[in-house]
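What follows is calculated from the coordinates using simple rules that are stated; it is not laboratory data. Please read all numbers here as calculations on a predicted model, not as lab measurements. Note: ideal-geometry Cβ built from the backbone for every residue, glycine included; neighbour counts use all protein chains shown.
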Amino acid sequence: MSFIFYNPNPDELFVGDCVIRAVSRVTHQNWETTHADLCVLSGKMHDMPSADRVWGEYLYRRGFTKHSIRNACPFCYTVLDFCLDHPYGTYILKTNGHVIAVVNGDYYDTSDSGSETVLYYWAK
């Protein structure tokens, strides 16, 4: 269960593209393909590629399912807690204003987001 630096942006930019980074990681696609696919879908849905409903629809079409966080402590369940509870599998976590890929208990991001609170997640 650890943080792994991940930035597939071809120019190594940090451009507010967490959705594209996370989706590219869990779908095994490059940054360009993920960006293009999300832009096409967002055009059809008349919303931005980073809108939860757009990337959520994208994941849904690829066999992911959306899950809520347990009610026992919905405001204290962190990314690190999630990783400890889910040592196997492929997930995308939604936090407040951020999206993070998790694969087999490791979280992939451009900074250590382990202390962020998980709002909901997608699983495959």
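Need one number: nm distance between label points at residue 66 and residue 106, each 7 Å from Cα along Cα→Cβ, rounded to one decimal.
Placing both labels 7 Å beyond Cα along the Cβ direction yields 2.9 nm.
Before anything else, pin down the relative contact order of the chain: Cα pairs under 8 Å, at least 6 apart, normalised by residue count, whole percent.
Relative contact order here is 35 percent.
In degrees from 0 to 90, rounded to the nearest 10, what is the angle of the helix 31-45 Cα long axis to the longest principal axis of the chain?
80 degrees
Is there a quick way to get the dipole size of region 33-81? I mean about its Cα centre, with the Cβ of Lys and Arg at +1 and of Asp and Glu at -1; what is the value in debye to the nearest 20?
Numbers: 6 positive and 5 negative charges, 33 e Å.
Computed about the Cα centre, the dipole is about 160 debye.
In µm²/s, what is D for region 43-105 at 10 °C and 1.306 mPa s, where D = kT/(6 pi eta Rh) by Stokes-Einstein and Rh is the Kirkwood radius from Cα pairs?
Values: Rh = 13.1 Å.
Approximately 122 µm²/s, per Stokes-Einstein.
If the chain between residue 15 and residue 33 were fully stretched, how many nm would it gain, using 0.36 nm times the residue separation less the Cα-Cα distance? It would help to have the intermediate numbers written out before the result.
On the way: separation 18, 0.36 × 18 = 6.48 nm, distance 1.66 nm.
Gain on extension, residue 15 to residue 33, equals 4.8 nm.
Taking H as built 1.01 Å from N, whose amide H comes closer than 5 Å to the amide H of residue 110, not counting residues under 5 places away?
Here the answer is 6, since their amide H atoms fall under 5 Å of that of residue 110.
Using label points projected 7 Å from each Cα along Cα→Cβ, tell me how many nm separate residue 5 and residue 84, to one decimal.
Inter-label distance under the simple model: 2.6 nm.
Give the separation of the Cα centroids, region 30-68 to region 105-124, in Å.
Using only Cα atoms to place each centre, the spacing works out to 18 Å.
So how tilted is helix 18-27 from the main axis of the chain? Cα-based, degrees 0 to 90, rounded to 10.
Between the helix axis and the principal axis of the chain, the angle is about 80 degrees.
What are the residues whose amide H is under 5 Å from the amide H of residue 77, where those residues sit 5 or more places off or on another chain and H is modelled from the backbone?
For residue 77, whose amide H was placed from the backbone, the distant partners under 5 Å are 118.
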